[in-house]
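One structure below.
Derivation of every value follows stated rules applied to the coordinates shown; laboratory data play no part. Keep in mind that what you see is a predicted model, and the values were worked out from it rather than measured. Note: ideal-geometry Cβ built from the backbone for every residue, glycine included; neighbour counts use all protein chains shown.
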Amino acid sequence: MSSGEDLLRSHGLRVTRPRLAVLDVLADGGHLDVDEITRRVRERIDSVSIQAVYDVLGALSRAGLSRRIEPAGSPARYEARVGDNHHHVVCRGCGEIADVDCAVGDAPCLDPRTAAGFQVDEAEVTFWGLCPACQAPGSADV
């Protein structure tokens, strides 16, 4: 049995070819939109609908096996890095997204001054700027 199969079963999910393929794509890393995930899944299993990919991503996110992020002005992106409350930096020029570990190291963002009675278990912090390629001389102005 593959580790993907074990992972799905351990989270109460049925093992299907689309789920295994999406897990493999996410395991390759990055912050991928649904179109890119679908393209890569089709390279692995030939035929899968974009709706099936959306359904798989929803199931994986609900099970805590993937994380959905939505930077302003960008389509939803998905990643396999979960459970560590890391943050993201987004390039205003090209849209590149990179992971950023919690700035202090102990997730202080999970202890807001006031949480209106909520029990906080995750925070989304997005840093914005220019990636090295967009900072390079001769790159297009933003």
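Tabulated results
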| read-out | value |
| --- | --- |
| Under the Karplus curve 6.51 cos²θ - 1.76 cosθ + 1.60, θ = phi - 60°, whole-Hz ³J(HN,Hα) for region 95-100, x wherever Gly or Pro sits | x, 4, 10, 10, 6, 9 |
| Label assignment, percent of Cα pairs over 28 Å apart derived from the structure, set (1) 9; (2) 30; (3) 21 | (2) |
| Peptide ranges 11-24, 41-54, 125-138 listed from the most packed, as the mean C-beta count within 10 angstrom indicates | 11-24, 41-54, 125-138 |
| Interchain or long-range residues, amide H under 5 Å from residue 92's placed H | 129, 130, 131 |
| Long-range amide H partners of residue 66 with built H, under 5 Å | 61 |
| Global geometry of region 1-54, whether rounded, prolate or oblate, following the gyration tensor of its Cα atoms and the 1.5 cut on a/c | prolate |
| Over the chain, relative contact order from alpha-carbon pairs under 8 Å, at least 6 apart, % | 19 |
| Among beta bridges that DSSP assigns inside the chain, antiparallel share in %, nearest 5 | 65 |
| Expected 222 nm ellipticity per residue - DSSP helices of 4 or more, -39500 (n - 2.57), all of the chain, to 500 | -10000 deg cm²/dmol |
| Residue 100 long-range amide H proximity, modeled H, under 5 Å | 87, 88, 89 |
| Cβ-placed point charges (K, R +1; D, E -1), dipole of the chain about Cα centre in debye, nearest 20 | 440 |
| Gaussian network model of the chain, Cα within-10 Å springs - most flexible of 73, 64, 83 | 73 |
